[in-house]
Amino acid sequence: MGRRFKLVTLLGIRPDIIRMHKLIRLLDRHQKRNGYEHLFAHTGQHYDYELDEVFYRQLGVRRPDVNLQVGKSLKRRGGPTTYVHQTALLFERLAEFLEEEKPDAVLYLGDTNTVLSSVIVARQGIPVIHIEGGGRSYDWRMPEEKNRIVIDHLSDMIYCYLPRYREILLREGVPPYRIKVAGNLIVDAVEAFMGRAERSPILKRLGLVPRRYLLFTLHREENTADRAALTRTVKELIGLTEQLRCPAVFPLMPRVRRLLEGWRLMPLLNRAEILVTEPLGFFEFLKLEKHAQLIISDSGTVQEEALILGTPCLVVRRSTERPETIAAGATILSEGRLRQEALRAIRTLNKWDRTILNPFRTSPSERIFTDLVGRIKTGFFKKSRSYAFIKSDRLIREAYGRTIRRAVGAS
């Protein structure tokens, strides 16, 4: 009996665990029956309890088989922890991991620094699978935009959420046989955990009244790396809470807290109606999203959750890779006019279609699982880069010298 196909799922941050909770279970449960082996690995990009451990506990997702511990190792060294150092160590440790495990394919999700390591995977001739492909904000300031483009063009197979994303990939030259529309995985997560989230005592613990508070999150580099921009955003938020006479809950990511403290902005927040908290578990955050008057965020995942839950969302960014939330009427973009646009967003009627993120009305996780297992069984990943498989493209045939006609008299 031959060696079983070895599939590695490689994740790095907390939204990955949330979105992938169901697919990881499916891949684990059915591996023996379908003749493959599933290995779950984590890069350690997020490693604090609030950003990592709590999600395994709440969502019932098993611990990874392997943790590369990139973030924790950099912290222990006491030196720089920038994305450059993080990526360099990730590349090194992933190369060692691949050499030891010799997987037949590596499955990624999203657009974080973790997916940039797909360069190492592809460099070793190992097929790359990408879930959440095709999203484009067309804002070149975003580090995530570069990551999306890199992994999509290295991938042997891309699972995208909506037909729009498939169209983007096709326009960029990705062949159609590498693309599958599956619906958005966040739909499975909200559907699975909303009942338990509603039982969370978070509103009582923070002294909040439903629809009488704002929920605010901020983490992207374009909103936090510049002191003047971050100061302006904080002051706009404070002015908004004063005008509306309601508090705002602000769960702080560790990096953003360090910036606020370093630039001495924390006293501003502490004097205002801003409830600063540590990063929250998924259940607590989901309940806060559900019952907020308005969500203000730069997170793509939060945009999607807000649409599903029926809560208006103001996205503090120049553009978004998820414009379907704008088209639905659930999201308003704002760059630099937070208070004015927030007041407009609050007046939004939440009568939008909450099902648009999943056009198939079936589980996106199950759709991906079924298609992926089918491709493993038919040997797709063994032949997806072979000439026999890709020769339908004229430019490829020319590169292989199969259709170029020599000029008459040429030697």
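Considering only residues that are touching a residue at least 12 places away in the same chain (Cβ under 8 Å) and more than 19 Å from the chain's Cα centre (by Cα), which ones fall in the stretch 356-373?
Taking the stretch 356-373 as the starting set, the residues that turn out to be touching a residue at least 12 places away in the same chain (Cβ under 8 Å) are 356-360, 362-369, 371-373.
Once the filter is applied, which keeps residues that are touching a residue at least 12 places away in the same chain (Cβ under 8 Å) and more than 19 Å from the chain's Cα centre (by Cα), the stretch 356-373 yields Pro359, Phe360, Thr362, Asp371, Leu372, Val373.
Each row is one residue, and each column tells you yes or no for (1) within 23 Å of Tyr36 (Cβ to Cβ); (2) modelled with pLDDT under 90; (3) surrounded by 14 or more Cβ atoms within 10 Å (Cβ to Cβ).
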residue	(1), (2), (3)
Val61	yes, yes, yes
Arg77	no, yes, no
Val84	no, no, no
Leu98	yes, no, yes
Gly110	yes, no, yes
Val115	yes, no, yes
Residue list for the stretch 126-142, restricted to those being over 13 Å from the mean Cα position of the chain (by Cα) and touching a residue at least 60 places away in the same chain (Cβ under 8 Å): Pro127, Ile129, Ser137, Tyr138, Asp139, Arg141, Met142
Qualifying positions in the stretch 152-182 - surrounded by fewer than 18 Cβ atoms within 10 Å (Cβ to Cβ), of a type in the set (A, V, I, L, M, F, W, C) and assigned to a loop (DSSP other than H, G, I, E, B): none
Given (1) modelled with pLDDT of 95 or more; (2) at negative phi, index of the condition Lys102 fails: (2)
Tabulated pairs, the stretch 157-169, first in contact (Cβ under 8 Å) with a residue 60 or more places away in the chain, second part of a helix (DSSP H, G or I), C-beta under 7 angstrom, 6+ apart or interchain: Met157/Arg178; Met157/Arg375; Tyr159/Ile368; Leu162/Glu324; Arg164/Glu324
Ile126 vs. criteria among the aliphatic types (A, V, I, L, M) and assigned to a helix (DSSP H, G or I): no
Which numbered condition Leu349 fails, given (1) assigned to a loop (DSSP other than H, G, I, E, B); (2) under 21 Å from the mean Cα position of the chain (by Cα); (3) closer than 16 Å to Ile295 by Cα: (2)
Filter result for Glu92 (without any contact (Cβ under 8 Å) to a residue 24 or more places away in the chain and surrounded by 12 or more Cβ atoms within 10 Å (Cβ to Cβ)): yes
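The values are calculated or read from the model by the stated rules, or taken from the named source; none is laboratory data. These numbers come from a predicted model, not from an experiment. FYI the Cβ positions are ideal-geometry reconstructions off the backbone, even for glycines, and counts take in every protein chain you see.
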